[in-house]
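See structure below.
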Amino acid sequence: MDPLEDKELISKPTNPAKHNHPCQSPTKNNINPFSLLLQPFQWLHMLSTHLTPSFVIGVALVYGLGQGFSGSLFKVVTDYYWKDVQKVQPSAVQLYMGLYYIPWVMKPIWGLLTDVFPVRGYRRKPYFVVAGVLGGVSALMVALLGNLPVVVALICLIVLTAGMAIADVTIDACIATNSIECRELAPDMQSLCWFCSSAGALVGYSTSGVLVHHLGAQAAFSILAVPPALFIVLGFVIHESKAMTTLHPQKKEKTEALESLGVAVTGMYESIKCPQVWKPSLYMFLSLALSISTHEAQFYWYTDPKDGPAFSQEFVGVIYAIGAAASMAGLLIYHKTLKDYPFRHILFFVQLLFAACGMLDLIFVLRWNLALGIPDYFFIVAEECVVRIITRIRWMPMMVLSSRLCPLGIEGTFYALLTGIDSLGSLSSKWGGGFVMHLLNVTRTDFRNLWLIILIRNILRFSTLCFIFLIPNADHSEDLIPLDILKKNSAANVDDDDDDEQEGMLQLVIKKEKLQV
């Protein structure tokens with residue numbers, strides 16, 4: 001098939017009438033408060049029409065209730081759990097938090113499982129159920145089994161994050177597939193994901209301080225069992241076509257799984273060594289790893305009655321809740337004004353602002369805000385708003401870029417690989433920050449060198465700008481992967497699908513290529 005026809009086939013919607021979705025016309029013709037109020041609902045209706053309603057619901061559950069609500073509550077509850085229940089040092093907590101990222105670093109493995117090892121003919125449904133069981137059981141163990149040894153508690157929390165990572169990679173596989181089939185909707189899908197995440201985080205942070213205060217850090221883990229339970233329900237209701245089987249289904253499925261595994265691994269290797277793929281992946285890793293985390297040291301300082309501002313549990317939740325609302329504002333800014341600009345331009349200026357606003361932490365820790373007559377409560381709220389807006393704008397183009405770097409046929413696995421690289425960067429950030437804390441002797445009660453750690457972190461953030469050339473100078477609609485890489489993985493999967501017609505329902509573009517040829 002001609003490359004121009006291939007490009008047109010991928011980008012062109014199957015139903016031209018649907019392309020003029022209802023959220024476009026009010027923006028252009030009817031500028032009034034009522035139409036503006038309806039636009040979010042029209043936008044959701046448009047996504048449900050082009051995709052499926054169960055997909056939109058799945059994104060809302062995994063990103064909104066899972067990553068947003070559960071992730072925000074998990075952050076606050078575990079901070080107080082390690083500080084007040086287990087009574088460990090901030091540098092040790094940074095090490096433990098780094099271990100939380102191991103299941104996220106393993107996302108390529110979860111992606112391979114969902115892509116090439118179906119259960120009873122389904123590639124997505126069973127893994128939502130597995131994620132729910134792992135997360136729910138682990139959360140209830142921490143909440144109900146009393147004072148656990150540190151090692152046992154840490155294992156439970158890692159398994160809890162593993163459940164979230166499996167649910168995340170499963171829904172991400174659907175997102176990556178839809179981003180290729182409907183490339184014009186790729187920014188919209190990322191906007192939906194992170195709007196749900198920010199909205200869930202707003203609710204989670206708003207209630208976290210109250211829950212910790214009234215239930216205690218340990219008992220609050222019982223609330224974290226609710227989202228995994230809903231993942232189990234999602235596994236039964238989300239739309240997925242069952243693969244057809246032949247006379248020897250078990251033998252056939254095993255053979256196909258092994259063949260698909262080889263194709264996926266080969267395709268990942270061929271794709272990741274492409275400069276258009278590994279360069280931006282390296283930048284995303286460095287931008288996260290070089291920004292060493294100082295979160296635990298700052299959290300201990302925030303709540304310290306002697307050296308810090310001694311914020312209460314409720315106010316810590318309020319700070320994070322305001323930050324979640326600011327994240328939604330950053331998402332809106334990106335979606336409305338920045339999503340059509342080239343990736344390199346956006347990431348350069350946002351990284352510059354991200355490094356500069358890190359100096360606000362330095363001003364706060366050195367107490368210069370009091371010298372300027374700015375109260376602690378006002379300063380931390382203003383700082384949180386600025387940081388969260390910039391962080392969200394910085395994160396969005398990297399996620400869109402990751403979804404656009406995925407080749408056809410292994411998009412779920414490869415998207416998991418790219419986001420796993422991001423998680424490896426976050427793990428490096430946590431462990432790097434913990435190492436610097438230990439080196440500079442920042443403890444539960446000694447914060448004399450906290451300002452120096454923040455200064456080192458900010459200098460490293462500025463150094464990331466030296467690697468901006470790794471990001472492609474392309475906009476969100478341009479082709480980023482060479483056509484030979486795209487068609488190589490696509491052709492391999494067409495061969496695998498010859499005896500399994502229904503499996504092609506998850507890879508609509510590949511099936512159309514087959515029909516055209």
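The values are calculated or read from the model by the stated rules, or taken from the named source; none is laboratory data. The structure presented is a predicted model; accordingly, all values stated were derived computationally and were not measured. Here Cβ is always computed from backbone atoms with ideal geometry, including for glycine, and neighbour counts include all displayed protein chains. Keep in mind that these areas ignore ligands, DNA and RNA; they rest on the heavy atoms of the full protein, side chains included. Shrake-Rupley method; radii C 1.70, N 1.55, O 1.52, S 1.80 Å.
At the residue level, residue 193 shows approximately 0 square angstrom of accessible surface with a 1.4 angstrom probe and all protein chains present.
Computed over protein heavy atoms with a 1.4 angstrom probe, the accessible surface ordering of 447, 41, largest first, is 41, 447. Counted by Cβ distance under 11 Å from residue 321, the other residues give a net charge of -1, where Lys and Arg count +1 and Asp and Glu count -1. Which one, 137, 190, 114, projects farthest toward the positive side of the charge dipole computed for the range 107-215 from Cβ point charges (K/R +1, D/E -1)? After comparing all options, I get 137.
At 1.4 Å probe size, put 269, 81 in order of accessible surface, largest to smallest. Intermediate results must be reported in sequence, preceding the final value.
On the way: 269 135, 81 0 Å².
Highest to lowest solvent-accessible surface, that is 269, 81.
Beyond 29 Å in Cα-Cα separation lie the following of the pairs 75/242; 242/336; 87/125; 87/430; 107/339: 75/242; 242/336; 87/125.
Each Cα pair under 8 Å and six or more residues apart adds its sequence gap; the mean of these over the residue count of the range 56-210 is a relative contact order of 49 percent. Since only 347, 295, 305 are under comparison, the one whose Cα sits farthest along the positive direction of the charge dipole of the range 292-356, derived from C-beta charges on Lys, Arg, Asp and Glu, is 347.
Sorting 457, 448 by solvent-accessible area of protein heavy atoms yields 448, 457, largest first, with a 1.4 Å probe.
Taking all protein chains as they are arranged and a probe of 1.4 Å, the heavy atoms of residue 279 leave approximately 80 Å² accessible to solvent. With a cut-off of 11 Å between beta carbons, the residues surrounding residue 284 carry a summed charge of +1, where Lys and Arg count +1 and Asp and Glu -1. Solvent-accessible surface (1.4 Å probe) assigned to residue 203 amounts to roughly 80 Å². Residue 240 sits among other residues whose Cβ lies under 10 Å from its own Cβ, and their net charge, with Lys and Arg +1 and Asp and Glu -1, is +4. Dipole of the range 390-462 computed with +1 at Lys/Arg Cβ and -1 at Asp/Glu Cβ about the Cα centre; of 440, 428, 402, farthest Cα towards the positive end is 440.
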